[in-house]
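To start, the structure under review is shown below, and the notes come after it.
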Amino acid sequence: MVKLPLILGAIVLLMAHEKYAQSLSKGVQDFSLDLFHRIAIGSNENLMISPYSVWSLFVLLYEGASGGTYDQLRQTLRINVDDKTLREFSRERSQFLDVMSSGIEIHTLRGIYVANKFSINPTYKIVLRQYSIQPVEVDFKNLGTVRRINEEITKATRGLIKNTVQQKDLSNAILFLISSIYFKGQWKFPFDKQMTTGLPFFDENGQFIAEVPTMIQESNFPKVRPANLGGTVLELPYGSLEWISMIVVLPDSKVPLNTVAGNLKTVGLDPILKSLADFKAKNGDAKTEIAMPKFETTTDLSLNEILSQMGIRDLFNRNSANLDRIAPGLYASLCKHSSKIIVDEEGTTAAAAVTVSLSGRGLFNRIDLNRPFLYMIVDKQTGLLLFAGQVRNPKAI
């Protein structure tokens, strides 16, 4: 009789934790779609970002913030749980994402470099250990330090991201934070290279851009037309377990890509994933032929202004930033994002790295992806948006 209440108590705690985790997952989705939308509307080029890498790095700054800086980070990152739940969520997601099985390989990395003899708050060091992070002391004036950091990022991204950090990025650094993610996924339904052929690709106005290598296949690809989106959504799964997929959004004719990106932010990711799952359950044997261009995209961005527009203002202001839980007098002088994606007949290879420098004061039979489209690489079990991008010209590398 004594054991029953204990068992019931454990179940209640587990359910409560899961509820909060779902709430935070929704918050991460909202941040991710907001960030992607803001970057997409400001660019007429091919691009790709890793929203989750940005979110997971700025969580470390949130942990060291106080006052208005803390409030802005919490609101913009959509953190709606207590710190204990946040740390458990982050730790579990990081462990979950580091996998190599079933045609999928994912590797994540977060790290903090600290100037020699600079003291950070011992309490913050304890918090970092809960994220499995140990600060590394370095000499930012030494040219070997930038080489060391770049080697770490290159190793973590399997050679996709190289020399993203420059010596000038470290010139006034007190702390330097990095976050990277590497993904390699084999299509569940690989494309036959012999079927790849040159086909025309058009811009949003229907004007011919170029003839590009286009992969063609007919298979069980779920597709839906969510209400209020303005386009067709197609799912291309990776690996035999299908827990990660590329979600492609092709705007309707004469609907601008930026409009669909804004609608995507409003509609949200969960309803789309549910619609795709429902379609698969009801139409599992339905065949869809798709024509998809091969493409490769490299993107380098500064995120200072965009994140400020999203609400993280004080962090980048040397007079307003409050990171006193790390150390007094710090502010963020730089936030860079570098990424690369390669999509071909076998699957997708992608990587991204985010760095922050803290300084002292001072239903269709065929779908032709032959015009601009959006894509997302999504972990369907957790709802995390690992990568998001747009293709406006597959031939532009």
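Details
- Compared with the rule-of-thumb size 2.2 N^0.38 Å for a compact globular protein, the stretch 201-335 has a Cα radius of gyration ratio of 1.45.
- Placing +1 on the Cβ of every Lys and Arg and -1 on the Cβ of every Asp and Glu, with nothing else charged, gives the stretch 58-184 a dipole about its Cα centre of roughly 260 debye.
- Cut-off under 5 Å, modelled amide H: who pairs with A210 long-range: F201
- Unit Cα scatterers, Debye sum, the stretch 30-85: log10 I(q)/I(0) for q = 0.15, 0.18, 0.20 Å⁻¹: -0.49, -0.66, -0.77
- Cross-link partners of K280 among aspartates and glutamates (Cα-Cα below 13 Å; sequence separation of 8 or more within a chain): E235, E242
- Expressed as a fraction of 2.2 N^0.38 Å, the C-alpha radius of gyration for the chain is 1.02.
- Derived scalar couplings ³J(HN,Hα) [the stretch 310-323; Karplus, 6.51 cos²θ - 1.76 cosθ + 1.60; whole Hz; x for Gly, Pro]: 6, x, 8, 8, 4, 4, 9, 10, 4, 8, 10, 4, 10, 10
- In terms of its alpha-carbon gyration tensor, the stretch 15-162 comes out rounded; the largest-to-smallest axis ratio a/c stays below the 1.5 threshold.
- Of K223/K380; K117/K168; K26/K223; K254/K294, pairs whose Cα-Cα distance is over 19 Å: K117/K168; K26/K223; K254/K294
- Computed from phi, the 3J(HN,Hα) profile of the stretch 280-293 under the Karplus parametrisation 6.51, -1.76, 1.60 (θ = phi - 60°) reads 5, 5, 8, 10, x, 9, 5, 9, 10, 9, 10, 10, 10, x Hz, with x in place of Gly and Pro.
- Counting neighbouring Cβ atoms within 10 Å and putting the fewest first, the residues H107, H337 line up as H107, H337.
- In the chain, helical runs assigned H by DSSP with n ≥ 4 each contribute -39500 (n - 2.57); averaged across all residues and rounded to the nearest 500, the mean residue ellipticity at 222 nm is -10500 deg cm²/dmol.
- Filtered trypsin sites (Lys or Arg not before Pro), the stretch 204-276: DSSP coil and at most 16 other beta carbons within 10 Å: K254
- Cα-based shape type of the stretch 309-389, given that a ≥ b ≥ c are square roots of the gyration tensor eigenvalues and the cut on a/c is 1.5: prolate
- Vicinal HN-Hα couplings computed from phi for the stretch 69-84 (Karplus, 6.51 cos²θ - 1.76 cosθ + 1.60; Hz; Gly/Pro x): 4, 4, 4, 5, 5, 4, 6, 5, 7, 6, 7, 10, 9, 6, 4, 4
- Straight Cα distances below 16 angstrom link K155 to the aspartates and glutamates D98, E105, with same-chain residues fewer than 8 positions distant left out.
The numbers here are math on the coordinates, done by the rules we state, and not lab data. This is a predicted model, so every value here is computed, not measured. Here the Cβ is made from the backbone with ideal geometry for all residues, glycine too, and neighbour counts use every protein chain on show.
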